[in-house]
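Everything on this sheet refers to the single structure shown next.
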Amino acid sequence: QRHLGPLRDQLYGEMMAHQKEAEDDLLTPHPGGFGYFGRSFVGKPYRAHLRRRAAADGAWGPEELVLDENAIAVGPSDGSRRPYCSVSGPMPNPAHTLFAYGTDFEGSDSYTLHVRRFASAAGAADAPPLELRQTDGSVCW
């Protein structure tokens, strides 16, 4: 696979030339008082997902990080970047206290579904993580 390195770099460069590397998606309002959006970064291959609470005056509150795909793409054992990382979601529940997302690190389209509490939700630090293996990565609350 070493001999494919220059070709891989060339293809990556061509794909990135057609994309804006750093931009925010439009904020999408959800019922229940939150808006969600994504952000890409210069020099990073994956996105971050954020949210804002709607204020009574029609404005949006401060950003809250929901999920950073760049952090997920780093292997927990040695800190190196995983060779493959696909993330589905995140998808908030209707009360906006939980969110679910799927990860596939092998390219098999078999996702491990993770359910987490939002950092700002009551009891977030005490909540055990929930994981379901071998899913398609979709969620319906």
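State which stretch of the chain is the longest one without any exposed GluC sites (Glu not before Pro), exposure meaning a DSSP loop state and at most 15 other Cβ atoms within 10 Å. Answer - 64-105.
On a 0 to 90 degree scale, rounded to 10, what angle separates helix 5-17 from the longest Cα axis of the chain? Taking Cα atoms only, the helix is inclined about 40 degrees.
Scalar couplings 3J(HN,Hα) for segment 64-77, obtained by applying the Karplus form with A = 6.51, B = -1.76, C = 1.60 to θ = phi - 60°, are 10, 5, 8, 7, 10, 5, 5, 6, 5, 6, 8, x, x, 7 Hz; x denotes Gly and Pro.
Note on residue 109 and residue 131: their simple-model spin labels are 2.3 nm apart, each label 7 Å out from Cα toward Cβ. What's the FRET efficiency of residue 53 with residue 84 using the Cβ-Cβ distance as r and R₀ = 41 Å, to the nearest 0.05? Step by step, r from the Cβ atoms, then E = 0.75.
For segment 4-135, the alpha carbon positions stretch 54, 33, 24 Å along the principal axes, listed from largest to smallest.
For residue 98, the amide hydrogen comes within under 5 Å of the amide hydrogens of 93, 118, counting only partners 5 or more places away or on other chains and with H modelled in the peptide plane.
Taken per residue, the accessible surface of the chain reaches 66 Å², heavy atoms only and a 1.4 Å probe. The listed peptides 32-38, 107-113, 5-11, ordered by packing as a protection proxy, come out as 32-38, 107-113, 5-11 (highest mean of other Cβ atoms within 10 Å first). Put simply, the amide H of residue 74, placed in the peptide plane, has neighbours under 5 Å in 82, leaving out anything fewer than 5 places away on its chain.
Per-residue ellipticity at 222 nm for the chain, helices alone: DSSP H runs ≥ 4 residues times -39500 (n - 2.57), over residue total, nearest 500 deg cm²/dmol? Intermediate results must be reported in sequence, preceding the final value.
On the way: 2 runs with 17 residues, N = 141.
So the helix-based figure for the chain works out to -3500 deg cm²/dmol.
Round to a whole number: what % of the accessible area of segment 1-45 belongs to carbon and sulfur, probe 1.4 Å?
Numbers: 2110 of 3640 Å².
The value for segment 1-45 is 58 percent carbon and sulfur by accessible area.
The values are calculated or read from the model by the stated rules, or taken from the named source; none is laboratory data. Remember, it's a predicted structure, so these values are computed and weren't measured experimentally. Glycine also receives a Cβ, built like all others from the backbone with ideal geometry; neighbour counts cover every protein chain displayed. These accessible areas exclude ligands, DNA and RNA; they are computed on the full protein's heavy atoms, side chains included. Shrake-Rupley method; radii C 1.70, N 1.55, O 1.52, S 1.80 Å.
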